[in-house]
Every structure is written in structure tokens, then in C-alpha cells.
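Heads up: the structure comes next, in C-alpha cells.
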Amino acid sequence: MKLENKVALITGAGQGIGQGIALAMSSEGAKVAVVGRTLEKLEDTCELILERGGIATPIVCDVKKREDLYACVEEVIEKFETIDILVNNAQEVPLGELQFVGDSDFEAGFMSGPMAVMRLMKMCRPYLKDGGNIINLATTAAKRWDAKGFGAYAAVKESIRALTRAAACEWAEEGIRANTILPHALSPGLKMWMKLYPEESSEFVASIPMQRVGECEEDIGKFVVTLCTEDCRYVTGQSIAVDGGQAFMG
């Protein structure tokens, strides 16, 4: 049990990649705070964890709201006494060509992305000292050869990469590691996109050397588990594409 007795706070864990990470971590012994906006989805994830013999609790939280984040952290501490792993996965995605991305959508992207990430990292920092891990999610959309329609989304996610790097450098002496992953996974959002745009999605999959999109738990979740173990104790401040070899991060 690689994460036995560890406590993980995972945002956006009601579905998709967040759920996959929650399932993978619980399977390795972690107690999981399943955080998100929709109670029904959170309860579904918790039920899956409980069926496997794991421990989880649902926490309703809108990551765009500072007061929700404070209440979330307090509830996790009250329930589990500490936080060993923070996974910032929740994100509202501002997609579309720049001319058509509204101010409110772009602002929601930043509030749910880099603002929420920075707030939660600082709130959880006292509990993460001496061996804690932060995993933040970004996107390889910023590495696309054709950025059309992805500029606003990439801007939001690149901010998260910068914050992660700073946290890794500033808090390393406290025993905190912080890394960013840039995943491809069969989340509900990606499945919908693939259904709506079959021709573009076929080209997308064809551009992945491994010729497939990753599974939320088996490919992304299990990698995150490994990244949070002592096997990766010398890895911090990195941006790692978990995408079947598509993106060149150099």
C-alpha cells in the first residue's frame, strides 16, 4: 500500500481524471477527500471507493470561492486531522477563438484555475510540511502546433505551471514537493469533444505515438500515485506530460 494512512485532498474528483486519481490513491491506502461542486457526483466517487474497502468523504466546494476553500480545508482537517497530498484538478475551461471568449468565461477560468490553485496550496502548506506533495494539472494545449481555439485555456493552465514551479522552489526546504502533470485522458469532456468532432479527434489520436488516449485511473491516477511516493522523492518543480508521447516538453 504505497499511500497507506496518507490523506489526499482532490478537487474535481466527482468524475473524469479527478475521480481516476481518487480511485488510484484509495486503492493504495490513502484516505480521500473527494471535493467538487456536485454532491451526487462526489457521492458516486465515494461509493466506488467504499466498495473497494477504501475511506473517502465527499466535500461540496466551489473552488472559485475563497470561503468555500477555507471551509473545505477545515472539514478535511476535522475529518482526517491532516493533509499529505493536494491535487488541484478542478477547472472551468475557457475554450474558443480569442475573439469569442467572453470576459466572464476567461475570469472563471482563472478563478477556478490559478487563483484556486494558489489559494489551496497556501491553505494546505502547514499540513504538507515534512513530506507532503502537491500535484497540479495543466495541459499540453499550450504546446499545440496550432493554438487556434485553445489560447485562453492554455493561458490559464500555463499560469498554474508557473505557480507550481514557484511552490517547488520556495517550499523545498520544508519537505514539500510540487509537480505539474499534463494529461490526456478519457474524461467526460474529452469523450464529448471526440463525439462532436470525430474527424479532428481521429487526427488527434493519430498524433499520439501510443495511438490511444489514456485511462483516467489506470494511466493517469496510477502515475500520480507513483509521483507521490518515496520512489520519486527527488522529483519536484517538474512539468510532466502523461500523454502517450504526443507533446515535446523541451
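Just so you know, all these numbers are worked out from the coordinates, no wet-lab data involved. Everything numeric here is computed off the predicted structure, so don't read it as measured data. When we count neighbours, we look across all protein chains shown, and the Cβ atoms used for this are built from the backbone with ideal geometry, even at glycine.
Numerical summary
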{"read-out": "Local electrostatic count, Thr229, Cβ distance below 15 Å [Lys/Arg +1, Asp/Glu -1]", "value": "0"}
{"read-out": "Overall form of the chain per C-alpha gyration tensor (a/c, 1.5; a/b vs b/c)", "value": "rounded"}
{"read-out": "Cα gyration tensor shape for region 1-68, rounded if a/c is under 1.5, else prolate or oblate", "value": "prolate"}
{"read-out": "Among 48-55, 192-199, 9-16, the order from most to least packed when residues are scored by Cβ within 10 Å on average", "value": "9-16, 48-55, 192-199"}
{"read-out": "Leu196-Phe248 pseudo-label distance in nm [points 7 Å out on the Cα-to-Cβ vector]", "value": "3.1 nm"}
{"read-out": "Contact order relative to length of the chain, as percent, for alpha carbon pairs under 8 angstrom and 6 or more apart", "value": "20 percent"}
{"read-out": "Net charge of Cβ neighbours under 15 Å - reference Asp62; Lys, Arg +1; Asp, Glu -1", "value": "+1"}
{"read-out": "Beta bridges per DSSP with both ends in the chain, % antiparallel, nearest 5", "value": "0 percent"}
{"read-out": "Whole-angstrom gap from region 187-250 to region 53-125, using each part's C-alpha centre", "value": "21 Å"}
{"read-out": "Mean Kyte hydropathy of 0.5 or more with a Cα span along the axis of at least 20 Å, helices from DSSP in the chain", "value": "none"}
{"read-out": "For the chain, calculated [θ]222 nm from helices alone, where every DSSP H run of n ≥ 4 adds -39500 (n - 2.57)", "value": "-13000 deg cm²/dmol"}
{"read-out": "Neighbourhood net charge (14 Å Cβ-Cβ; Lys/Arg +1, Asp/Glu -1) for Met25", "value": "0"}
{"read-out": "Where no second cysteine Cβ lies under 4.7 Å, the cysteines concerned in the chain", "value": "Cys46, Cys124, Cys169, Cys216, Cys228, Cys232"}
{"read-out": "Three-way shape call for region 35-92 based on the alpha-carbon gyration tensor, with the a/c threshold at 1.5", "value": "oblate"}
{"read-out": "Too-long pairs where the Cα-Cα distance tops 30 Å, listed order kept, from Lys6/Lys191; Lys41/Lys64; Lys6/Lys143; Lys129/Lys191; Lys31/Lys143", "value": "Lys6/Lys191; Lys6/Lys143; Lys129/Lys191; Lys31/Lys143"}
